[in-house]
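The values are calculated or read from the model by the stated rules, or taken from the named source; none is laboratory data. Computed from a prediction, not measured in an experiment: that's the story for all the values here. Counting neighbours? That spans all protein chains shown, and the Cβs are built from the backbone with ideal geometry, glycine included. Side chains included, ligands, DNA and RNA excluded: accessible areas come from the protein's heavy atoms. Shrake-Rupley method; radii C 1.70, N 1.55, O 1.52, S 1.80 Å.
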Amino acid sequence: YRNAKEITEYVNSEMNMHMRPVGISGQVAKIELNAIPKITIDADDRVALICKKELVENLYHYIVHTLNVKCNLISDQGNELQRGLINIVPVSLTKGLEFEKVVVAVEGMSFNERYVSFTRALNELYVVV
């Protein structure tokens, strides 16, 4: 699988799967939502915070207004992905996309939604606990 070794191992463990990684190195971490400002984002990084559609607006407002982190909100109505900042995206719009870094707010997600969310990360996966 195209994800970093550590991400593939995490998905295999969490989802009881047996995918093989491509061998690149990465990281997986469980974090609290307020740790998002500590994630290093380079100007060319594609970064997503993936969550249930129902949580998109609340997470956007919390991250922008409480954590003071610039974000881009992606919805069914549009908006393009932007590099160098966090794109808050409902899981329903992420299938087929890849990001260098992914934060997953797993609250309320089904098995399939968690799988899709976890496997969008190429190098770094952060799971909100």
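General remarks:
- Over the chain, Cα pairs under 8 Å with separation of 6+ residues give a relative contact order of 33 percent.
- Close amide H pairs (under 5 Å, H built 1.01 Å from N) link V69 with V64, residues at least 5 positions away or on another chain.
- Distant-in-sequence amide contacts of N3, defined by a placed amide H-H separation under 5 Å and a gap of 5 or more residues or a different chain, comprise V22.
- Computed in the context of the full set of protein chains, the accessible area of the chain at 1.4 Å probe radius has 47% of its extent on carbon or sulfur.
- Positive-pole candidate from I63, N87, Q77, dipole of the stretch 36-114, charges at beta carbon: I63
- Calculated mean residue ellipticity at 222 nm for the chain: -5500 deg cm²/dmol, from DSSP H runs with n ≥ 4 weighted as -39500 (n - 2.57), summed, divided by the residue count and rounded to 500.
- Per residue accessible area of the chain, 1.4 Å probe, in Å²: 54
- Extension gain for M19 to S110 (0.36 nm times residue separation, less C-alpha to C-alpha distance): 30.8 nm.
- Efficiency of FRET from Cβ geometry, H61 and L81, R₀ 25 Å, rounded to 0.05: 0.80
- Angle in degrees between helix 5-15 and the longest Cα principal axis of the chain, rounded to the nearest 10: 90
- HN-Hα J in Hz across the stretch 33-38 - Karplus 6.51, -1.76, 1.60, θ = phi - 60°, x for Gly and Pro: 4, 6, 8, 4, x, 7
- By average C-beta atoms within 10 angstrom, highest first, the peptides 48-56, 91-99, 25-33: 48-56, 91-99, 25-33
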